[in-house]
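**Student:** Pasting a structure here, questions to come.
Nothing in this text is a laboratory measurement; each read-out follows from the coordinates by a stated rule. Just so it is clear, the model here is predicted, and its values are computed rather than measured. In this analysis, Cβ positions are derived from the backbone assuming ideal geometry, glycine residues included, and neighbour counts consider all displayed protein chains.
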Amino acid sequence: METLNTLEDWLAYCEQLHPKSIDMGLERVRTVAQRMDIRFACPVITVAGTNGKGSTCAMLEAILLQAGYRTGVFTSPHLVHFEERLRLKGDPVNAMDLVAACARVERARGLNDAEISLTYFEFTTLAILDVMARSGLDVVILEVGLGGRLDAVNIIDTDCAIITSIDLDHMELLGADREAIGYEKAGIMRTGRPVIVSDPMPPQSVLDRALEVGADLWRVGEDFNVSGDKQQWGWAGRGRRYSGLAYPALRGANQLVNAAGVLAALAALRERLPVTAQAVRNGFAFVELPGRFQIIPGQPTLVLDVAHNPHSVAALAANLDAMGYFPTTHAVFGAMADKDLAPMLARVNPLIDRWYFTDLPTSRAASAVNLQTQWQAQNTRKDASSNTFADPMQALQAAIEAADPTDRIVVFGSFYTVGGVLQQGVPRLHAKHLNP
């Protein structure tokens with residue numbers, strides 16, 4: 001153990017601890033958390049859902065920071081650096097704080113000569129929660145990694161649950177339909193505590209679970225509503241109203257749904273976490289989240305999006321369509337093998353002229369060749385083309401070489417895909433004829 005001096009050492013160690021990368025259940029991780037005495041005196045907001053979790057957490061954080069609160073936000077996965085998973089007061093955690101926390105997790109799981117096996121996610125979640133508990137925070141925001149009911153963050157009782165859009169993803173673990181998946185997401189609810197459901201058509205299982213546990217249900221369309229035009233929007237809910245709001249800085253039509261849920265959560269917690277209307281306006285104006293329909297100015301235009309399931313790819317397609325005309329659209333795409341790839345490819349294929357399929361640095365990923373084969377099986381466009389590449393940066397470089405200044409390049413799919421082109425920072429593209 002003396003050799004584990006860096007965060008990279010600890011992360012490599014964590015990967016070897018458990019025979020499975022995912023082991024659903026809370027008993028092991030809860031036991032270690034109790035040994036570590038992890039607890040929070042401040043309000044906790046827990047966010048679950050298929051899509052929109054990261055955006056929701058980012059908007060909550062931005063508004064609460066503007067209101068002067070000391071925030072802690074745990075999200076996953078990361079794009080480039082593991083430290084991105086924990087932001088304290090708006091900044092990534094110091095790696096050495098995580099190193100110290102990992103050592104505390106290791107001691108706690110080995111107490112009483114009865115060593116408890118933890119997965120990579122469980123071990124690192126405990127380390128992150130431990131750092132948060134020691135940081136003197138005013139509010140804690142926890143993003144569920146997978147599902148909700150059996151996710152490691154659910155060992156912490158939430159003061160306000162948010163459930164964003166629910167769609168089909170991770171079906172081998174969460175269930176075969178939206179009802180089963182909704183039941184898993186609803187596991188973060190607590191008796192007497194508010195639960196914000198921002199999905200306009202939630203599965204019945206979510207509503208039933210709220211009634212069963214006696215949660216304070218806030219439904220979009222019933223307990224809060226949004227309205228607006230092309231210039232501005234408004235929100236109205238229980239005892240609170242906002243008008244003349246600028247649209248969130250995060251791009252995409254789907255962000256308004258997430259923003260509505262954020263305002264409902266803040267309304268539900270207003271006695272413990274009061275925020276001013278100006279903090280709300282500034283928070284929405286300044287919020288940033290890399291990789292969520294992120295448009296990088298340049299020639300050609302570059303779009304980064306971690307859309308990696310049919311629902312999020314449909315949103316990406318709608319957002320791309322709304323961008324206007326580009327002579328040619330190039331797409332760098334890599335994804336996990338367990339994703340429902342056929343509808344994803346079919347939905348966005350009419351918008352993509354040249355595909356650059358890429359391998360990813362994980363055994364869970366579909367190979368570039370496999371992605372290309374699946375695309376070829378459903379492609380009916382004679383004017384579309386494809387190639388395969390060993391990694392996302394090689395694929396992006398090939399797209400840059402092939403693109404004209406007025407084209408656009410879309411990098412989407414897994415976090416590994418988008419993160420792979422951000423390894424050296426945000427690419428700034430300059431068309432070939434513009435170079436000196």
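**Student:** Counting only Cα atoms, I'd like the Rg/Rh figure for the range 294-434, Kirkwood definition for Rh.
**Tutor:** 0.92
**Student:** Still on this structure, please answer the following. If contacts are Cα pairs under 8 angstrom and at least 6 residues apart, what is the relative contact order of the range 294-434 in percent?
**Tutor:** 37 percent
**Student:** In addition: For the modelled label position 7 Å from the Cα of residue 179 along Cα-to-Cβ, which residues of the range 195-209 have backbone nitrogen atoms closer than 17 Å?
**Tutor:** 201-209
**Student:** How large is the convex hull of the C-alpha atoms of the chain per residue, in Å³?
**Tutor:** 153 Å³
**Student:** Considering only DSSP beta bridges where both residues belong to the range 302-407, give the percentage that are antiparallel (nearest 5).
**Tutor:** If we restrict to bridges inside the range 302-407, about 10 percent are antiparallel.
**Student:** For the range 163-271, what is the Kirkwood estimate of the hydrodynamic radius, computed as the reciprocal of the mean inverse distance between distinct Cα atoms, to one decimal in Å?
**Tutor:** One decimal place: 14.7 Å for the Kirkwood radius.
**Student:** Also, quick follow-up: Note the per residue figure in Å³ for the convex hull of the C-alpha positions in the range 232-383.
**Tutor:** Hull volume normalised by residue count: 151 Å³.
**Student:** Excluding same-chain pairs closer than 8 in sequence, count the lysine pairs in the chain whose Cα atoms lie under 30 Å apart.
**Tutor:** 11
**Student:** I'd like the Kirkwood hydrodynamic radius of the range 290-377, using the inverse of the mean 1/r over distinct C-alpha pairs, in Å.
**Tutor:** When all Cα pairs of the range 290-377 are included, the Kirkwood radius is 13.5 Å.
**Student:** Using 1/(1 + (r/R0)^6) with R0 = 35 angstrom and r between the beta carbons of residue 404 and residue 238, what's the FRET efficiency to the nearest 0.05?
**Tutor:** Taking R0 as 35 Å, the efficiency between residue 404 and residue 238 is 0.10.
**Student:** Report the Rg/Rh value for the range 212-308, based on alpha-carbon coordinates and the Kirkwood definition of Rh.
**Tutor:** Checking Rg against Rh, the ratio lands at 1.03.
**Student:** Let me ask you something else. Please find the FRET efficiency linking residue 103 to residue 390, where r is the Cβ-Cβ separation and R0 is fixed at 30 Å, and quote it to the nearest 0.05.
**Tutor:** FRET efficiency, residue 103 to residue 390: 0.25.
**Student:** Would you calculate the separation in nanometres between label points at residue 41 and residue 207, each defined as 7 Å from the Cα along the Cα-to-beta-carbon direction?
**Tutor:** Distance between the two pseudo-spin positions: 4.1 nm.
**Student:** For the residue pair residue 428 and residue 337, what label-to-label distance in nm results when each label sits 7 Å from Cα along the Cα-to-beta-carbon direction?
**Tutor:** Once both label points are built, they end up 4.0 nm from each other.
**Student:** While we're on this one: Run the numbers on the chain and let me know its relative contact order in percent, using alpha-carbon pairs under 8 Å that are six or more apart.
**Tutor:** Across the chain, relative contact order equals 15 percent.
**Student:** May I ask what percent, to the nearest 5, of DSSP beta bridges between residues of the chain are antiparallel?
**Tutor:** Restricted to the chain, the bridges split so that about 30 percent are antiparallel.
**Student:** Of the listed peptides 79-90, 251-262, what is their order by residue-averaged count of other C-beta atoms within 10 Å, with the highest listed first?
**Tutor:** Most protected by this proxy first, the peptides run 251-262, 79-90.
**Student:** In addition: Using the alpha carbon gyration tensor of the range 88-132, what are the three equivalent-ellipsoid semi-axes (square root of 5 times each eigenvalue), largest first, in whole Å?
**Tutor:** Semi-axes from the Cα gyration tensor: 23, 10, 7 Å.
**Student:** Report the extension gain between residue 363 and residue 15 in nm, rounded to one decimal, defined as 0.36 nm multiplied by the number of residues separating them, less their alpha carbon distance.
**Tutor:** Full-extension gain reported as 124.0 nm.
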